[in-house]
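The values are calculated or read from the model by the stated rules, or taken from the named source; none is laboratory data. Every value quoted in this text rests on a predicted model; they were computed, and no experiment measured them. So basically every Cβ, Gly included, is an ideal-geometry build from the backbone, and we count neighbours across all protein chains shown. Keep in mind that these areas ignore ligands, DNA and RNA; they rest on the heavy atoms of the full protein, side chains included. Shrake-Rupley method; radii C 1.70, N 1.55, O 1.52, S 1.80 Å.
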Amino acid sequence: MTKSSPKPTLASPLTLACGITIPNRIAKSAMSEQLADRYGSPTTDLQQLYAAWAKGGAGLLITGNVMIDSRAFVEPRNVVLESAKFLQANKLWAQAAQAHGAKIIMQINHPGRVSVLPLLKKPIGPSTVGLDLPAMNIIRIPRAMTEQEIHEQINRFAQTARLAVEAGFDGVQVHAAHGYLLSQFLSPLSNVRNDQWGGSPENRRRILIETVRAVRAAIGKDKILSVKLNSADFQKGGLSQEESLQIALALEAEGIDLLEISGGNYESPAQLGYAPDRSIQRDAYFIDYATALRKQSKLPLMLTGGLRNTSFMNQIVSDGIVDLVGMARPFAIEPDLAIKLLAGKSIAETVEVPSVGYKPVDAYLQLAWHLAQFSRISRGQPSKPIKGLLRTVMSFGPRMGCNILTQKS
């Protein structure tokens, strides 16, 4: 009679199929830091921010958006990695994050139709379908990508991935969630093509599968290949949970190392908790999806969104529902959060972020409120929650405007 293996906890290491071992089950999920310089190079502020998070005990750090194409930004001051031009700065970024034993993977992304910059240039997307938001469905209608452009962006994902591991990152995460380019191709609402890249579920996920294959070829089998995927878009007619489960199984067949589960997009930001109550759980927004997927798959899963209770986190890891727990916004308040979680403490309730009652605007206020903390953390200062709507807007609004006007693209 063989002795059964002890059940994992948050403190247990996790070895992925690529051979890399993550020292514990706590991950800092991606947040857009907007701390690159105007040319897209990582700054010392960005390095120091990640050094603080690494010192704080997280086993895995996932960067915010790194752009694969300098012609399209999610926000100004995103890092851009499309050539060896900024390789040394990226090496310093990776080294800062790894100094205390954490692993770091670079989230690589293209915004597609939701690109902020360049302001006066039409964004690209799978189809000529704009965001279903006031003004955006008039002034930012995307141009449908040609077959050649689709292949170009697949190659750009692979190029950025190759440069990331050359810079010393432990791998990459392909961003296929939250309404960005790959997520747009997956959605029946934003992808109305009738060629091999649209129509059927298989055709809509073709660009994601081809991207994953190209990225794996670029980074090799001994680096982490993760994908961030929406459990659903939380929009009528958008990507459904049933179809997302099939995409996850297809990604497992491709041999990815880790799937991060999220949900929502600009129109329905479920990843921030702004979704119909019936669609999300108070603690762990997308746990139902993870449970359903686990019944069909052995793929290592990372669950992000709404996780706050340490006992619950330990329970879902111990039960094998997920392998990693991901948190984002709490790390903007407590950079040493992982150490506290490993000691059994749950996440304290944070100060309520000001809101106006309109989900897309409230999502931006969430971003601005948390971004204000990054500069403080990078300078070794404690977080200082902002109180009030006006102060929240003023903490980042003028800086955002300046960054937009001075961004080189």
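Give the cross-link partners of K121 among the lysines, using a straight C-alpha distance below 20 Å as the criterion and excluding same-chain residues fewer than 8 apart.
K408
With a probe of 1.4 Å, find how much accessible area the chain has per residue, and write the answer as a whole number in Å².
Roughly 40 Å² per residue, with all protein chains present.
Step through the residues of the stretch 294-305 one at a time and calculate ³J(HN,Hα) from phi using the Karplus curve (6.51 cos²θ - 1.76 cosθ + 1.60, θ = phi - 60°), rounding each to whole Hz and writing x for Gly and Pro.
4, 5, 10, 9, 9, 4, x, 10, 10, 9, 10, x
May I ask you to derive the relative contact order of the chain, considering only C-alpha pairs under 8 Å and at least 6 residues apart, and to give it as an integer percent?
That works out to 17 percent.
Once every DSSP H run of n ≥ 4 in the chain is given -39500 (n - 2.57) and the sum is divided by its residues, what mean residue ellipticity at 222 nm do you get, rounded to the nearest 500 deg cm²/dmol?
About -11000 deg cm²/dmol.
Between A99, A177, A72, where does the largest GNM mean-square fluctuation fall for the chain, given springs only between Cα atoms within less than 10 Å?
Of A99, A177, A72, the Gaussian network model singles out A99 as fluctuating most.
Cβ neighbours within 10 Å, averaged per peptide: list 165-175, 29-39 in order, most packed at the top.
My ranking of the peptides, most packed first, is 165-175, 29-39.
Please state the charge dipole magnitude for the chain, taken about the Cα centre, from unit charges on C-beta atoms (+1 on K and R, -1 on D and E), reported in debye and rounded to the nearest 20.
It works out to roughly 700 debye.
Is there a quick way to get the dipole size of the stretch 1-153? I mean about its Cα centre, with the Cβ of Lys and Arg at +1 and of Asp and Glu at -1; what is the value in debye to the nearest 20?
Dipole about the Cα centre, nearest 20: 420 debye.
Name the lysines eligible as straight-distance cross-link partners of K236: C-alpha to C-alpha under 17 Å, and not fewer than 8 places from it in the same chain.
Partners found: K359.
Which of these values of mean projected area of the Cα convex hull in nm² was calculated from the structure shown: (1) 18.8; (2) 21.6; (3) 19.7?
(1)
Post the alpha-carbon centroid distance, the stretch 148-200 to the stretch 1-49, in whole angstrom.
22 Å
What is the dipole size for the stretch 180-256, taken about its Cα centre, with +1 at each Lys and Arg Cβ and -1 at each Asp and Glu Cβ, in debye to the nearest 20?
200 debye
Counting only protein heavy atoms, what percent of the accessible surface of the chain is carbon or sulfur at a 1.4 Å probe?
The nonpolar share, carbon plus sulfur, comes to 54 percent.
Give the percent of DSSP beta bridges with both residues in the chain that are antiparallel, rounded to the nearest 5.
Bridges in the chain that DSSP calls antiparallel: roughly 10 percent.
How do D69, D323 rank by accessible surface area computed with a 1.4 Å probe, from largest to smallest?
D323, D69
By average Cβ neighbour count within 10 Å, what is the ranking of 183-193, 200-210 from highest down?
183-193, 200-210
Check which residues have an amide H placed less than 5 Å from E260's amide H, if you skip close sequence neighbours.
So E260 has HN proximity to V227, K228, L229, M302.
Can you list the HN-Hα couplings for the stretch 86-91, worked out from phi with the Karplus curve (6.51, -1.76, 1.60; θ = phi - 60°), rounded to whole Hz and with x for Gly and Pro?
Per residue, the Karplus-derived 3J(HN,Hα) values read 10, 4, 5, 5, 5, 4 Hz.
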